[in-house]
Ligand SMILES: Cc1cc2nc3c(=O)[nH]c(=O)nc-3n(C[C@H](O)[C@H](O)[C@H](O)COP(=O)(O)O)c2cc1C
């Protein structure tokens, strides 16, 4: 996730078992073959066999529209050590869409197919090429055509974020639409959107028929979510709530990695961003967020994560969502 999940975050999240693979933030492809440093910046794991330190594969995501340039960059990524490529047809950002990228291609399924075919044709068959779509740009009428286009182009799996571009990130995610798509495809379909809890997973699974899901914000909100889902998939185990100590530890390790490369104030805002996602479903995180929301000093912030907290508490915003 652009601006949110970088290599440090991938390292921390995949420390806990549960993930099969991860995806980088998108590499924006316009009209040139990008230099190696751009790929290495987005995916430092290229220098480590494209796996996180705990051995989970990292696939590199490309976002672009011109098939030839996408193909050239796909080849470049693979020469640098990419072991899987994902194509982004879901980004709703206005600037990206204005420049003909992300979800804007969903307006014409033929363009989705051409982009996927160009990339799949440019790299070895050993490199899985996957696509990530939404249900459409302004409406859902072409959802199935876009999904079929990705499959026809040679995608080995399809991730479907169950909203249109115009729906942004507004709940609800229309998981039943993923089911309609899945029934017509032969490649694996992976459900995405608004999976924050095990209960959400169950519902998404029963409505979509997809066993596998892709986690976005939910993985940050609950760092044990992938493990929780995997535990249930494997043995119907119900994992208890993620302890505050685990959450605080992950935030501290994140700060320790980021403070070497970013100004302390920026690290504080990134920590607040993460804690803000955690607080919706965790009372202790809600308390800490409330107590630390005005804090700007990194060391004070980190201390505030571990010190006993006595501030007034607001109930988590979406306790039972
Ligand atoms: C800040 C932000 C950045 C994102 N960046 C990307 C990205 O680079 N590539 C991508 O495929 N999806 C990106 N997404 C979309 C998520 O991967 C996901 O599809 C969406 O948030 C819905 O899933 P969720 O409810 O589990 O978060 C981003 C989402 C957010 C909120």
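Quick notes on this structure:
- Hits in segment 185-199 (condition: away from the ligand (no atom under 11 Å from the Cβ), part of a loop (DSSP other than H, G, I, E, B) and in contact with a helix residue (DSSP H, G or I) (Cβ under 6 Å, 6 or more places away or on another chain)): 185, 187
- Residue satisfying all of: in segment 200-217; within 16 Å of the ligand (Cβ to nearest atom) and not in a helix (DSSP H, G or I); surrounded by the fewest Cβ atoms within 10 Å (Cβ to Cβ) among these: 212
- The set of residues in segment 75-95 that are touching a helix residue (DSSP H, G or I) at 6+ places or on another chain (Cβ under 9 Å) and closer than 25 Å to residue 135 by Cα comprises 85, 87, 88, 89, 90, 91, 92, 93.
A quick yes/no check of all residues on (1) assigned by TED's automatic domain parsing to the domain that holds residue 23; (2) at pLDDT below 95; (3) farther than 28 Å from residue 190 by Cβ; (4) not in a loop (DSSP other than H, G, I, E, B):
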{"position": "219", "(1), (2), (3), (4)": "yes, no, no, yes"}
{"position": "223", "(1), (2), (3), (4)": "yes, no, no, no"}
{"position": "228", "(1), (2), (3), (4)": "yes, no, no, yes"}
{"position": "231", "(1), (2), (3), (4)": "yes, no, no, yes"}
{"position": "250", "(1), (2), (3), (4)": "no, no, no, yes"}
{"position": "254", "(1), (2), (3), (4)": "no, no, no, yes"}
{"position": "267", "(1), (2), (3), (4)": "no, no, yes, yes"}
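- Residue in segment 127-143 that is within 23 Å of residue 185 (Cα to Cα), free of Cβ contacts under 8 Å to residues at least 60 places away in the same chain, away from the ligand (no atom under 16 Å from the Cβ) and out of contact with any strand residue (DSSP E or B) (no Cβ under 9 Å at 6 or more places or on another chain) present: yes
- Answer from 174, 184 - the residue that is in contact with a strand residue (DSSP E or B) (Cβ under 6 Å, 6 or more places away or on another chain) and more than 15 Å from residue 132 (Cα to Cα): 174
- Residue in segment 172-180 that is closer than 27 Å to residue 31 by Cα, modelled with pLDDT of 95 or more, away from the ligand (no atom under 14 Å from the Cβ) and touching a helix residue (DSSP H, G or I) at 6+ places or on another chain (Cβ under 7 Å) present: no
- Options 232, 224, 202, 175; residue that is over 21 Å from residue 88 (Cα atoms) and within 18 Å of the chain's Cα centre (by Cα): 224
- Residue 227 vs. criteria surrounded by fewer than 20 Cβ atoms within 10 Å (Cβ to Cβ) and within 11 Å of the ligand (Cβ to nearest atom): no
- Hits in segment 190-214 (condition: within 16 Å of residue 136 (Cβ to Cβ) and touching a residue at least 40 places away in the same chain (Cβ under 8 Å)): 192
- Among the candidates 111, 107, the residue that is over 20 Å from residue 34 (Cβ atoms), more than 16 Å from the ligand (Cβ to nearest atom), out of contact with any helix residue (DSSP H, G or I) (no Cβ under 7 Å at 6 or more places or on another chain) and in contact (Cβ under 8 Å) with a residue 12 or more places away in the chain is uniquely 107.
The values are calculated or read from the model by the stated rules, or taken from the named source; none is laboratory data. The structure displayed is predicted, hence computed values, not measured ones. Cβ coordinates were reconstructed from backbone atoms using ideal geometry, including for glycine residues, and neighbour counts include every protein chain displayed.
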